[in-house]
1. Only helical DSSP H runs with n ≥ 4 go in: add -39500 (n - 2.57) per run for the chain, normalise by residue count and round the 222 nm mean residue ellipticity to 500 deg cm²/dmol.
2. Near the amide H of Ala37, under 5 Å away, which other amide H atoms are found, from residues 5 or more places off or on another chain, if H is placed in the peptide plane?
3. Given Leu193, Leu112, Gly182, which one lies farthest toward the positive end of the charge dipole of the stretch 79-211, if we put +1 on the Cβ of every Lys and Arg and -1 on the Cβ of every Asp and Glu?
4. Farthest toward the dipole's positive end in the chain, which of Tyr165, Gly98, Val12, given Cβ charges of +1 (Lys, Arg) and -1 (Asp, Glu) about the Cα centre?
5. Out of all Cα-Cα pairs in the stretch 3-56, roughly what percent, to the nearest whole number, are more than 15 Å apart?
6. Can you tell me the length gained on complete extension of the stretch Val14 to Val199, counting 0.36 nm per residue apart and subtracting the Cα distance?
7. For semi-axes √(5λ) of the Cα gyration tensor in Å, one of [x] 28, 18, 17; [y] 38, 23, 17; [z] 42, 17, 13 was computed from the structure I shared and the rest are decoys. Which label?
Amino acid sequence: MRIAELSKRSGVAVATIKYYLREGVLPPGERTSPNQADYSEKHQHRLRLVRALVEVGGLSIAGVRDVLGTVDAPQPDLTWTLSTVQLAMFPIPEATEGPTRSSAEDTVTRLLDDLGWSCPSDHPAAQALAAVLATADDLGHPGMADLLPRYARAAGEVAKADLDYIDRSPSLDDAAEGVAVGTVLGDSMLAALRRMAQVSESINRYGEKAGAKPG
């Protein structure tokens, strides 16, 4: 199909498709002349994936490029694939120093030990958690650290569900894409479920008006 047909089928504007081609998140079509190319169903699928990562997952084009680079060159070690996708969408936070940050890092290290999680304390996610705790402490909310055990138990169940989804993949290529889709869209899905649960719990505790829409 030509780019106009690809645009029609995918619902993505021609200008956006050309932008994705320039940025390398959509592979080039098969050249039929110096100014024309043919595109396949694979391009249509890739367009849907890119739009999902950008619009639902909230990734930047650079992040999408990194994630898709992993999807296009899957490794037998799915832990490596998962870590690569995580780093693409979860950049290493800027390091800070001070007693508050040091205390937060100690809290995260103790949490990992208590849970028996096989995650190093210098992992970007662990460092990001320490940054959250340090920020909460600086804002006068040190009690957020008390929520960690309950949050961690819930996160553990979510992680099992995530990996169960990946395990259903029929091939390594599908598993690599499953890691990307499950991680990026899964974050958005979990955030939406959390907000829905907050509304429900608020209504149950405080009454219907507490959960009503503003206005």
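1. Numbers: 9 runs with 140 residues, N = 215.
Only helices count here, giving -21500 deg cm²/dmol.
2. Residues meeting the criterion, in which the H sits 1.01 Å from N, are Ile3, Thr32.
3. Leu193
4. With unit charges placed on the Cβ atoms, the residue in question is Val12.
5. Details: 590 of 1431 pairs.
That fraction is 41 percent.
6. Working: separation 185, 0.36 × 185 = 66.60 nm, distance 4.01 nm.
The Val14-Val199 span can extend by a further 62.6 nm.
7. Read-out from the structure maps to [y].
Readers should treat all values here as calculations from the given coordinates under stated rules, not as data from a laboratory. If you're wondering where the values come from, they're calculated on a predicted model, not measured in any experiment. Don't worry about glycine lacking a Cβ; one is built from the backbone with ideal geometry, like all the others, and counts go over all protein chains shown.
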